[in-house]
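The values are calculated or read from the model by the stated rules, or taken from the named source; none is laboratory data. Note that the coordinates shown come from a computational prediction; the quantities given were computed from them, not determined experimentally. Ideal geometry is used to build each Cβ from the backbone, glycine not excepted, and the neighbour counts take in all protein chains shown.
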Amino acid sequence: MKQVYIAMAADILHTGHINVINKGAQLGEVTIGLLSDEAIASYKKLPLFNYEIRKQIFENLKNVSKVIKQDTINYTKNLMALKPDFVVHGDDWREGAQKLVRENVISTLSQWGGQLIEVPYTNGLSSAYTHNLISKELKSPDIRRSQLRRMLNLKPFIRVMEASNGLTGLIVENVKVLDEKTSFFKEFDAMWISSLCDSTFKGKPDIELVDLTSRLNTINEIMEVTTKPIILDGDTGGKKEHFAFNVKTLERIGVSAIIIEDKTGLKKNSLFGTDVKQTLDDPQEFAEKIKAGKNALTTKDFLIFARLESLIAGYGVDDAMERAKIYIEAGADGVMIHSKDKSGADIIEFLKKFREFSKDIPVILVPTTYNHLTEEELNKHGANIIIHANHLLRSAYPAMVKTAETILRNGRSKEADQYCMPIKQILTLIPGGK
């Protein structure tokens, strides 16, 4: 019997998938190459169900003879092993993100005279559309909260962008760009709720003046219109006794993680560096705060990260490493290392030493000052989560000032039109606005 290979990533099947499988069954014995969770995460949102559950779904379809794992979006390894007579796929991959994958399949099949069979695309249906439609209904706090931990296990690194209100949340949720290297779309994986940005949008200084109730209002605004996991900037975490209750609240509403810094006293933003007094907490006291937070949690999904301020305070990499070990021992799920040094040399030195200590514990970076280093470069040095912490705020403010000055200068708003979105676009920007 002829052998047929069909690669599948979906966990929510629609008629388009069934049409492809049925066509394969007409040609011969169907083997499904089911993409691994890691392979799916490399180019689009995480699957709703893990590989083993998806494998069971496909194994129980009547026209499927066998299911094997496909570890990458590239078919070559499995095709060379199986040498199928046919590969069957929908014809929607001739253009766009999967065009190069298609060309590679044709080239590989030609080595033994195999043939690519393409089934007409089922209009109005796609796995991405179906996933988005259903995932919006499934974004309960439990599901949303668990996404960050899953990503840490599946993706080389997690790309995070600041969100400070519903509008910026929608930007982080929806913005995508085509990666010319891979021909797939890139997007942000998660959202950072920055205390600096939250305070600034409220016209307040970044000194832990905005209380948790106000921070929760911001989180709720963002959660209402988005689905991606949220990491909260928790400043110092406050008193140990308060922190235990606060993490329970954050866990319950579906936040994925909190990062707290090992400073004490009136907060001064870290990017002031040693220009202002930066007082570090006693590491054992800070460790007790981490323990209190971890003991208060009811799930394994909510993560507590310890932010190391040693480099900011001028104490160096060795001090940061000593503190990191104490905090990890106390139960921290990972560390964030912060620096004001524009070269990034101290960050790279820390990563080298930390990776000698642990290969697996997550490290978070916020490369605001050393932003000449790319995400890929930082990941190669050992970073797992990379946060772009305040760029939407910083880009919005000068644009708004320019518009305001233009209106003042001209006594009318006509000249400012070039800086503004059309009002009709604004009215339809938010779902349900029309």
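So in the stretch 278-295, with the set limited to residues that are over 13 Å from Ile260 (Cβ atoms) and surrounded by fewer than 17 Cβ atoms within 10 Å (Cβ to Cβ), which one is modelled with the lowest pLDDT? Among those that are over 13 Å from Ile260 (Cβ atoms) and surrounded by fewer than 17 Cβ atoms within 10 Å (Cβ to Cβ), it is Thr279.
For the stretch 276-317, the set of residues classified as assigned to a helix (DSSP H, G or I), β-branched (Val, Ile, Thr) and either within 21 Å of His242 (Cα to Cα) or free of Cβ contacts under 8 Å to residues at least 12 places away in the same chain (or both) consists of Ile290 only. Scanning the stretch 42-72 for residues that are buried (at least 16 other Cβ atoms within 10 Å of the Cβ) and modelled with pLDDT under 90 yields Ser42, Tyr43, Lys44, Lys45, Leu46, Pro47. Taking the stretch 357-392 as the range and being farther than 18 Å from Arg159 by Cβ and not polar (S, T, N, Q) as the test, the residues that pass are Phe357, Lys359, Asp360, Ile361. Residues of the stretch 155-184 that are touching a Phe, Trp or Tyr at 6+ places or on another chain (Cβ under 6 Å) and part of a loop (DSSP other than H, G, I, E, B): Ser164, Phe184. If the condition is being more than 18 Å from Glu59 (Cβ to Cβ) and surrounded by 17 or more Cβ atoms within 10 Å (Cβ to Cβ), then the stretch 12-27 contributes Gly16, Asn19, Lys23, Leu27. Looking at the stretch 201-225, which of its residues are among the charged types (D, E, K, R) and either farther than 22 Å from Ile171 by Cβ or modelled with pLDDT of 90 or more (or both)? Those that are among the charged types (D, E, K, R) and either farther than 22 Å from Ile171 by Cβ or modelled with pLDDT of 90 or more (or both): Lys202, Lys204, Glu208, Asp211, Arg215, Glu221, Glu224.
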